[in-house]
Structures are given as structure tokens and as C-alpha cells.
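The values are calculated or read from the model by the stated rules, or taken from the named source; none is laboratory data. A quick note: this is a predicted structure, and the numbers were derived from the prediction, not measured. All Cβ positions, glycine included, derive from the backbone under ideal geometry; neighbour counts span all protein chains shown. Each accessible area value is taken on the protein alone, full model and side chains, heavy atoms only, with ligands, DNA and RNA left out. Shrake-Rupley method; radii C 1.70, N 1.55, O 1.52, S 1.80 Å.
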Amino acid sequence: MWIILGMSTRDELIRAAAELFARDGDPSLRDIAREAGVKNHGLVRHYFGDKAGIRSAALTYLAEALFARLDLPKDADLGTRLARIVDVVEQDQRHTRALAFGLLKDDLPEGLQDAFPVVRSVLEGLDEDARRRLRPALAEALALGLGIQLFGPFVARATGLAEEALDALRDGAMARVTATLEAAGKA
């Protein structure tokens with residue numbers, strides 16, 4: 001009988017997969033098991049079914065890690081929350097990288113991740129009308145933020161803009177999210 005102290009085998013597989021998907025993009029199930037210190041790579045299939053299952057668990061793990069790092073007071077205004085999200089995501093790009101690799105592998109977004117705690121934290125406490133109004137501006141901010149994080153150096157070089165100018169574009173999108181809520185009297 002095995003007694004496991006600390007992380008469970010399942011949790012250790014998720015942690016290892018998160019690191020490998022972010023770093024390498026498409027690790028084998030054997031690579032994931034090896035990184036987790038698990039001798040039997042069949043345990044990955046046992047717990048997650050296939051690579052898509054472990055990728056989804058890894059993305060959820062990385063999203064929850066980002067959310068935990070936000071460390072925001074409940075009464076933080078939307079502008080403060082958005083600024084903190086940008087900071088945390090810039091400091092830890094593993095989720096963005098793993099997500100991009102998954103999309104490049106032609107995994108459908110529906111199969112990549114089920115929980116979106118960071119996005120949920122932006123919408124938290126809003127009524128359905130405010131959420132409806134906010135979603136397009138939030139989608140713009142997410143698209144710009146993720147795009148700049150992944151392709152910023154390329155876009156800056158291709159357009160001749162300084163990377164700081166791209167950051168200003170992203171910040172403008174965040175400001176539009178806040179303005180959308182203020183206009184609705186909800187911020």
C-alpha cells in the first residue's frame with residue numbers, strides 16, 4: 001500500500017503537464033508521466049482519458065494559479081482588477097503559452113478549458129444586463145491582451161511601433177471595459 005504525502009499522483013500529473021504544455025507545446029503522455037515522477041504513463045490515461053483531457057486539466061490548473069495570484073480585495077473596483085490581471089498574466093505567461101499551443105494543435109476551444117476564474121472575477125457581482133453590456137468590451141480587451149502577450153514583439157517589428165505603444169493599445173481596451181460599466185452606472 002502506498003502512502004502519498006503532499007500532492008496526489010493526479011495533481012502531480014496536472015502540475016507536470018501544465019509546465020510541459022507551456023514550455024514544449026505538445027508533450028507525449030510518457031513525457032508528462034516522467035516529469036511527474038510517475039513510472040506508469042498509463043496513469044495519465046486512467047485519470048484523464050487522453051491528451052486533450054490532461055491539457056484541459058492543465059489549463060484549468062494554470063488559470064486557477066493566475067486567479068490565486070490576483071489576491072484582490074472584494075471591494076476592488078474594475079479598473080484595479082483589470083490592471084492587476086494584466087500584471088499577473090505578464091508575470092506568468094504559462095497559461096497563455098499552453099492555451100496558444102493547444103489552439104495551434106487544432107484543439108477546439110470547448111475542449112481546452114472549462115473554468116475561467118480570471119474572467120469570472122471581472123464579471124463577479126454584476127447583474128445580467130451589465131454582463132451583457134460588458135462582454136464585447138471584455139472580449140476586445142482579452143483579444144488584445146493575449147495577442148500582445150504572444151505576438152507583441154512581432155507586431156511591434158512589423159508595424160514599426162514600440163512595444164510600449166502596443167501596451168497602450170491594450171490599456172485602452174481595458175479602459176473601454178471600465179467605461180462600459182461606468183456608462184451603465186455599475187462600476
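The value of relative contact order for region 1-92, using C-alpha pairs under 8 Å at least six residues apart, is 24 percent. Straight-distance candidates among the aspartates and glutamates for linking to Lys39, with alpha-carbon spacing under 16 Å and chain neighbours fewer than 8 residues away dropped: Asp11, Glu12, Asp31. Per residue, the average separation of C-alpha pairs within less than 8 Å and at least 6 apart gives the chain a relative contact order of 21 percent.
Taking the inverse of the mean reciprocal distance over all distinct Cα pairs, the Kirkwood hydrodynamic radius of region 12-112 comes to 14.3 Å.
Legend: calculated FRET efficiency, Phe116 to Asn40, from the Cβ-Cβ distance at R0 = 35 Å, rounded to 0.05, equals 0.60.
With r as the distance between the Cβ atoms of Asp92 and Asp31 and R0 = 25 Å, compute the FRET efficiency 1/(1 + (r/R0)^6) and round to 0.05. Mind showing how you got there, number by number?
Values: r = 22 Å, r/R0 = 0.87.
Using R0 = 25 Å, I get an efficiency of 0.70.
Each residue of region 56-62 is assigned a 3J(HN,Hα), and the resulting list reads 4, 5, 5, 5, 5, 4, 5 Hz, derived from the Karplus form 6.51 cos²θ - 1.76 cosθ + 1.60 (θ = phi - 60°), x at Gly and Pro.
What the chain shows is 58 Å² of accessible area per residue, with the surface traced by a 1.4 Å probe over protein heavy atoms. In sequence order, region 155-168 has phi-based couplings of 4, 4, 5, 5, 9, x, 7, 6, 4, 5, 5, 5, 4, 5 Hz under the Karplus curve 6.51 cos²θ - 1.76 cosθ + 1.60, θ = phi - 60°, and Gly or Pro positions carry x.
Per residue of the chain, the DSSP helices (runs of n ≥ 4 H) give a summed -39500 (n - 2.57) that works out to -24000 deg cm²/dmol at 222 nm.
About its Cα centre, region 107-187 has a charge dipole of approximately 180 debye under the convention of +1 per Lys or Arg Cβ and -1 per Asp or Glu Cβ, with nothing else charged.
Counting other Cβ atoms within 10 Å of each Cβ, which chymotrypsin sites (Phe, Trp or Tyr not before Pro) in region 63-171 have at most 14 and sit in a DSSP loop? Filter output for region 63-171: empty list. Peptides 55-63, 41-49 ordered by packing proxy, namely the average of other Cβ atoms within 10 Å per residue, highest first: 55-63, 41-49.
Each of Leu43, Pro117, Gly53 was placed along the dipole of region 3-118 (beta-carbon charges, centred on the mean Cα), and the one lying farthest toward the positive end is Leu43.
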